Structures are given as structure tokens and as C-alpha cells.
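The values are calculated or read from the model by the stated rules, or taken from the named source; none is laboratory data. Small disclaimer: the values here were computed from a predicted structure and weren't measured. A quick note on method: Cβ atoms are made from the backbone with ideal geometry, for glycine too, and the neighbour counts reach across all protein chains shown.
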Amino acid sequence: MSRMKLGINLGYWGAGMDADNLAVAREADRLGYSVCWAAEAYGSDAATVLSWVAAQTERIDVGSGIFQIPARTPSMTAMTAATLDSLSGGRFRLGLGVSGPQVSEGWYGVRFDKPLARTREYVEIIRKAMSRERLTHEGAHWTLPLPDGPGKPIKLTVHPVREHIPLYIAAIGPKNLEQTGEIADGALLVFFAPEHAEETTLGALRAGRAKAGKDLDGFDLVPTVPMAVGDDIDGLADLFRPYTALYVGGMGSAKQNFYNKLAQRMGYGKAAAEIQEKYLAGDKAGAAAAVPRDLIDSTTLIGSVDRIADRMQAYAAAGVTTLSLAPAGFTLDERIASLRAGVEALERAGLA
């Protein structure tokens, strides 16, 4: 069976967890985790967090999971990526995503229209800027330099450590997954279930890779998977009911929720509709209760170390190359224990 690396997803910074998150990142570095991801929405930004983590770790890569496309011009993202790669000694991974309509339009004032075309142009400009050639681009969303003005083609002055910084895209829908396979080096995934990998993820990614004349070899498949260690499976599953209900029911509008559609593609259409109806009506407890136990079990790592090791084998068999853990825990000691259990499970699974 193929080897599989481990990552750690710190999620969103803040909420009094700053010191704990840094301790988690440093322990992951000590344990040999491959990458540490940080997220952003409308609180802390990921770039500052990654700078902070990179300055206090030695070997672990730091990755944006994700930089929001509506938040920055593509040229600014290229500058940030080059700077982070330089400061970290060549340890930066660039993860991008369009966010959602509520954040894009409500927080950034950027219309959530044509996300695929916008992403494609964004990546084209970043790659051109990172190559350190003089930057020119004529597209539907960006024109560089602006015509009939004083602007001129400029090239990036910062030299990244690596010639090629790995570029990832957060993708859920089939069209986004296909484009990600075509233009990116990896995919950042959530609610990835190995049992449904082909119909929800791999088929579309493979089609995109084929467009680029490639296959999935060398493509980094990176799901973030919540994890909790213990013997009470039902109790551990209940820990993740609010999380699952938030995404399936409340992350987006009634008409546009990518996570709800993903649950439908996994065969949970009736439950997905009930979760969304209750969540949007304000009944968050009812929405959480409506989440099927099987949905939680298939998209998380819960149970004993041996049970988690078995599930890790399923993830590896489904093509996952980097498994990013989001360990549950109310205390730092619990989260650190989960980090160590993740390494032990990977070793027992024969994947280390």
C-alpha cells in the first residue's frame, strides 16, 4: 500500500487558542508531521499566522488552507507566497479558494460570480508572477497593466527559495474538482469519505489531470479529517454533530451550499435536506441530531488507535497522499495526545 503523510489543520486562529495552536504546531513539527495548515474567513488572516508558526518551527511545511481569492489581488498573493517561502526556508504551500458568497460579497464586496473562470485566471497570474517574468495578463477579470495608463509590466523582486511553490485549490463540486486537477498541484478537501471517493472526488480530478496530459501520480490529495480518540464511538461521533450540521446545513444559502450538495452525492439526500431546513430555521440542535451517524463515521477518524489505523488504510487506498488531522480536544493536553495517536495509528497501519 502507498505511503501517506500526515498534516495538521489548525483551523481558524484566535478565540483564546493562540498559544495552544502554536504548541500544537510545534509538537507536530517534532513528531514529523509534513505540513501545518491555517485557515481564514473573516477573523485572523492566514498569512500572519503562518509567519508566526514558521518562525517557531524547524521542518514542518506551512500552508494556507486557504487564502481567499476575493481577499487579495493575484499579484499580492504571489508576493505573499514568495515572501513566506523565503522566510520559512522553502517550507510554504499555497492553498487557494473562492470562499463562499456570504463572505465574498458581505465581507470583501466582491461579487461571487464565475468562480471557476476567476480561479483559473488567478492561478495563471500567480504562476506568471512567481516565474519572475514581467507580468502581463489580458482576461475577463484582470488586465495587467491597465490599458491607457502609466502602468508598465513589472516583475517580482523577491526570490522564493524553491523554483516551484506547490499550489493547491480547495474544491468540492465536480467542475471545480476537474479544474483543480487540470491547473493545480493538489486538492484541499473536506468531508472526504473513502467509500465514496470515486464518485465524489477522484473521477472529476482524474478528468482534469487528463486534460493536462497527466494522471494522479504526483498530485497531492489532502483531506482535512476531524479526529477524536476513545472507546465510546457514539459519544465521539456526537462531538462532530454540530460541526457537520454547520457545514451541511448552514454554510451557505438554501440555494447554494456546496457541502450540502456533497452530502447528497454521497447518498444522504434526505438527511441533507432535513439538516439544512432545521439549521436555517434556527434549530441547530435539531440539525445536529439529524446528522446520520454513518456520515460522521465515514468523514472523521474516531475510536481507538487500532480503529483509526484501519480507517487510515481506507484513506490511503482511496488515493489520499496527505491526511490532515483536525484533532478534537477541550485542552491542549488532549490535542497533543491526539497528535501522538495519529502518528501511532499511521505506524500501525503500515503507512508511515
Can you find even one residue in the range 273-291 that is surrounded by fewer than 18 Cβ atoms within 10 Å (Cβ to Cβ), under 23 Å from the mean Cα position of the chain (by Cα) and not assigned by TED's automatic domain parsing to the domain that holds Y12? no
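Could you please find all residues in the range 308-327 being surrounded by 16 or more Cβ atoms within 10 Å (Cβ to Cβ), assigned to a helix (DSSP H, G or I) and out of contact with any Lys or Arg (no Cβ under 6 Å at 6 or more places or on another chain)?
I308, R311, M312, Q313, Y315, A316
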Which listed residue, of T201, T224, is surrounded by 15 or more Cβ atoms within 10 Å (Cβ to Cβ) and touching a helix residue (DSSP H, G or I) at 6+ places or on another chain (Cβ under 7 Å): T201
Got a number for residues in the range 84-105 being in a helix (DSSP H, G or I) and in contact (Cβ under 8 Å) with a residue 24 or more places away in the chain? 8
Given (1) closer than 30 Å to L346 by Cα; (2) acidic (D, E); (3) surrounded by fewer than 16 Cβ atoms within 10 Å (Cβ to Cβ), index of the condition D185 fails: (3)
Of all residues in the range 3-36, which are of a type in the set (S, T, Y) and surrounded by fewer than 19 Cβ atoms within 10 Å (Cβ to Cβ)? Y12
Among (1) among the aromatic types (F, W, Y); (2) assigned by TED's automatic domain parsing to the domain that holds A41; (3) without any contact (Cβ under 8 Å) to a residue 40 or more places away in the chain, there is one condition Y315 misses while meeting the rest; what is its number? (3)
Would you check if there is a residue in the range 109-120 being at pLDDT 95 or above, in a loop (DSSP other than H, G, I, E, B), touching a Pro at 6+ places or on another chain (Cβ under 9 Å) and among the small types (G, A, S)? yes
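Run down A71, A46, A81 and say which single residue is free of Cβ contacts under 8 Å to residues at least 60 places away in the same chain, touching a strand residue (DSSP E or B) at 6+ places or on another chain (Cβ under 9 Å) and among the small types (G, A, S).
So the residue among A71, A46, A81 that is free of Cβ contacts under 8 Å to residues at least 60 places away in the same chain, touching a strand residue (DSSP E or B) at 6+ places or on another chain (Cβ under 9 Å) and among the small types (G, A, S) is A46.
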Of (1) more than 26 Å from T322 (Cα to Cα); (2) modelled with pLDDT of 95 or more; (3) small (G, A, S), A254 satisfies all except one. Which? (2)
Scan of the range 107-152 for residues that are touching a residue at least 60 places away in the same chain (Cβ under 8 Å) and within 30 Å of S253 (Cα to Cα), ordered by number: W107, P115, L116, T119, R120, V123, W142
